[in-house]
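Report on the structure given below.
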């Protein structure tokens, strides 16, 4: 078969296991762009389905543990909503209904028999980015050549989630090769944004972003090497956390750039609440993942760090806002989101200062140099068996000119690559000192507690126009944990275009010129809370403080 035939057959069989009554006949037309609220109108979902799928992770776990809701019922409700989400945005890859419901039934029987939950995630449906391997199920990662090659064993994170009582139930869409901020591949096609289907959901964890936004999953697992959790979280208005290297086990997942160990891809959670993010970390750490993945450091969940023992016990924090990175100035909605966050934190009694960018462009350039060292060879090896083309354009029209995020090899020698790694090491040292030197500006006697920054210089753009990772990639290079938090939505009346005469670069000018408030209307506005390496617990706690401050502020204005 040709690669086109293989892809078409795989896609044609995608919904084979789905009960026909879950396939809605009342879907909005293709011309209907805003579909974020459609699940509430769908005839597929009952009142109980809606109640379950719109509950927080904490409520779900409580009701599952008390047997108010069975694992079969909860899994079925989320399945139905996930299938609605799939029909609206094309966010799923693998759907394994029979397997997941059998798992849920076994959990119900265990609880009935013993009176005890299996673990901290008992009965909770969890979605997984396609690259997370499940024995007997494909992990195509958007490659036609990987269709029909089911995983021979589970990834470590899958085994841990199952041991905690979770019910993995779907896998979600991603770009071919992963290394793209637009979720599009030749096997499953393009995922769209439920807030406006003419806009991108981001990438590479774009399927997770769209699914979580539509409440088709209470908790998902994505991956991030240059912004791949935070960008779709921001574009789809959900919470998403990129942790430090070596905290969440990656072993057994498929990936691009295997063997490139200088800037590591990391797994992390996406959810509609910070409660879901915290629950994921506490649960996974409780299973001592360092015993199953040699890359993971031996570090349990620390309540002391969560209680901000190193940050004045959270009584009065100092946040620094990076308004722009001296490369590309964000659009007006992003600026407004940052101003809202600043005002909310000041009203809550915290200090807020400006963050002075430091060699941001150089840090990103180093990352690109590392990732492109062998990229072309890697992609060609993956696509060669079927002759599938490597996707170089993320535009809707594949024949149109559009920015490419596909890195290509730079012909770097081993010695030259060593020098790049050395420069990365030196920049990490310099940035550490840059952060430490803020101690004289905070008024707390400590350096800045956390940075607040844009995730992109725009909200979700039209398909094909996501052309920069400059606000996320630097954090992967420095290995700083960062948590995406939704703030508000674009309002053309408030987010008017402002005149500018000076620009940092041609990219900065181009970004300014493409802004039209009407294009981005109703798109989520988000930002990220950034901590230092290994501070996952503290970043979650500080994000909760920011999130609560924003809730109170928005209630008052």
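The values are calculated or read from the model by the stated rules, or taken from the named source; none is laboratory data. Predicted model, so just to flag it, every value in this text is computed and none were measured. Cβ placement follows ideal geometry from the backbone for every residue including glycine, while neighbour counts extend to all protein chains displayed.
Just checking, does segment 330-338 include any residue being touching a helix residue (DSSP H, G or I) at 6+ places or on another chain (Cβ under 6 Å) and touching a residue at least 40 places away in the same chain (Cβ under 8 Å)? For segment 330-338, residues touching a helix residue (DSSP H, G or I) at 6+ places or on another chain (Cβ under 6 Å) and touching a residue at least 40 places away in the same chain (Cβ under 8 Å): absent. Looking across segment 100-121, the residues that are in a helix (DSSP H, G or I), farther than 30 Å from residue 200 by Cβ and either in contact (Cβ under 8 Å) with a residue 24 or more places away in the chain or not assigned by TED's automatic domain parsing to the domain that holds residue 200 (or both) come down to 101, 103, 104, 105, 107, 108, 111, 112.
Do the conditions hold for residue 552, that is, is it touching a residue at least 60 places away in the same chain (Cβ under 8 Å), surrounded by fewer than 23 Cβ atoms within 10 Å (Cβ to Cβ), touching a helix residue (DSSP H, G or I) at 6+ places or on another chain (Cβ under 8 Å) and farther than 20 Å from residue 275 by Cα? No: the conditions fail for residue 552. Among the numbered conditions (1) more than 30 Å from residue 423 (Cα to Cα); (2) surrounded by fewer than 21 Cβ atoms within 10 Å (Cβ to Cβ), the only one that residue 271 does not meet is (2).
All of (1) modelled with pLDDT of 95 or more; (2) in contact with a helix residue (DSSP H, G or I) (Cβ under 7 Å, 6 or more places away or on another chain); (3) not in a helix (DSSP H, G or I) hold for residue 24 with one exception: (1). Figure legend. Inter-residue proximity from segment 72-91: first residues over 14 Å from residue 49 (Cα atoms), second residues at pLDDT below 95, beta-carbon distance below 7 Å, spacing 6+ or different chains. Indicated pairs: 87/24. Hey, among 480, 520, 515, which residue is touching a strand residue (DSSP E or B) at 6+ places or on another chain (Cβ under 9 Å), farther than 16 Å from residue 322 by Cβ and touching a residue at least 24 places away in the same chain (Cβ under 8 Å)? Result of the check over 480, 520, 515: 520. The listed residues are 61, 15, and the only one of them that is within 30 Å of residue 283 (Cα to Cα) and outside the structural domain of residue 461 (by TED's automatic domain parsing) turns out to be 61. Checking 83, 126 one by one, the residue that is touching a strand residue (DSSP E or B) at 6+ places or on another chain (Cβ under 9 Å) and either outside the structural domain of residue 185 (by TED's automatic domain parsing) or under 28 Å from residue 521 (Cα atoms) (or both) is 83 and no other. For segment 63-71, check the following and say yes or no: at least one residue is in contact with a strand residue (DSSP E or B) (Cβ under 7 Å, 6 or more places away or on another chain) and closer than 20 Å to residue 19 by Cβ. Checked segment 63-71: at least one residue is in contact with a strand residue (DSSP E or B) (Cβ under 7 Å, 6 or more places away or on another chain) and closer than 20 Å to residue 19 by Cβ.
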